[in-house]
Structure formats: C-alpha cells, structure tokens
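What follows is a short report on a single structure.
The values are calculated or read from the model by the stated rules, or taken from the named source; none is laboratory data. Please read these numbers as outputs of a predicted model, since none were measured by experiment. Reconstructed Cβ throughout: ideal geometry from the backbone, glycine too, with neighbour counts over all protein chains shown.
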Amino acid sequence: EAAALANSPIRHIPANGCKLIVGVGALETDEFRRQSREFADAWSAAGLSCQFAEMPDRHHFSIHEDMNVAGSQLTEPFLSWMDL
C-alpha cells in the first residue's frame, strides 16, 4: 500500500503542466469516478488548466469512441485549444 500511495499520480502534480482533460465514463465504479474527479480538482488547485468530463453511457473501454464525435466533451476542448 505504501508503494501505491507513493506512486499515485495525484501525489505528482507538476508545477507547470499542459492543459488536461480528465475523462471518465459514467458507467465506471463510484470509486473510479471519485478518483478521476479528485485528480482533476488537484490539477486545477495547482493552478493548471483542467477540464473534467463524465461521459454518459461510457466505460473504461468505450470512452475513446467519443474522441471522433463532433461536439463531445472530449473533442471540443482539443479543437478550441487549436483555434479550430
């Protein structure tokens, strides 16, 4: 357990980071969704740009399907960052 805590991404938020989208499927477990939200909140609390997107009807293996859907919560931020 100590190694898991020491290596947890939430304990390694950078001082300077890129824009981030934390996407999680609504069909994931409550704990997985909580951890995803907590990570997004920690990134934002560090003063870094982060958007949280909970995708309806998606899980760990299907969330990527929204990457090519115009207007999705996963696609739109990327397009706006590229001024498209």
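What number goes with the only condition from (1) of a type in the set (A, V, I, L, M); (2) modelled with pLDDT of 95 or more; (3) not in a loop (DSSP other than H, G, I, E, B) that Leu79 does not pass?
Unmet for Leu79, out of (1) of a type in the set (A, V, I, L, M); (2) modelled with pLDDT of 95 or more; (3) not in a loop (DSSP other than H, G, I, E, B): (2).
Residue under question is Arg37, and the condition is that it be at pLDDT 95 or above and more than 24 Å from Ser80 (Cα to Cα); does it hold?
No; evaluated as a whole, the condition is false for this residue.
Looking at the structure I just gave you, is Ala26 of a type outside the set (Lys, Arg) and either touching a strand residue (DSSP E or B) at 6+ places or on another chain (Cβ under 6 Å) or modelled with pLDDT under 90 (or both)?
Values: of a type outside the set (Lys, Arg): yes; either touching a strand residue (DSSP E or B) at 6+ places or on another chain (Cβ under 6 Å) or modelled with pLDDT under 90 (or both): yes.
For Ala26, the condition - of a type outside the set (Lys, Arg) and either touching a strand residue (DSSP E or B) at 6+ places or on another chain (Cβ under 6 Å) or modelled with pLDDT under 90 (or both) - is met.
Determine whether Leu84 is part of a helix (DSSP H, G or I), modelled with pLDDT under 95, loosely packed, with under 12 Cβ neighbours inside 10 Å and among the aliphatic types (A, V, I, L, M).
Considered against the rule, which asks whether it is part of a helix (DSSP H, G or I), modelled with pLDDT under 95, loosely packed, with under 12 Cβ neighbours inside 10 Å and among the aliphatic types (A, V, I, L, M), Leu84 comes out as no.
On the basis of being in contact (Cβ under 8 Å) with a residue 24 or more places away in the chain, in contact with a Cys (Cβ under 6 Å, 6 or more places away or on another chain) and of a type outside the set (Gly, Ala, Ser), does Trp81 make the cut?
Considered against the rule, which asks whether it is in contact (Cβ under 8 Å) with a residue 24 or more places away in the chain, in contact with a Cys (Cβ under 6 Å, 6 or more places away or on another chain) and of a type outside the set (Gly, Ala, Ser), Trp81 comes out as no.
In region 9-54, how many residues are small (Gly, Ala, Ser), part of a helix (DSSP H, G or I) and under 23 Å from Thr75 (Cβ atoms)?
3
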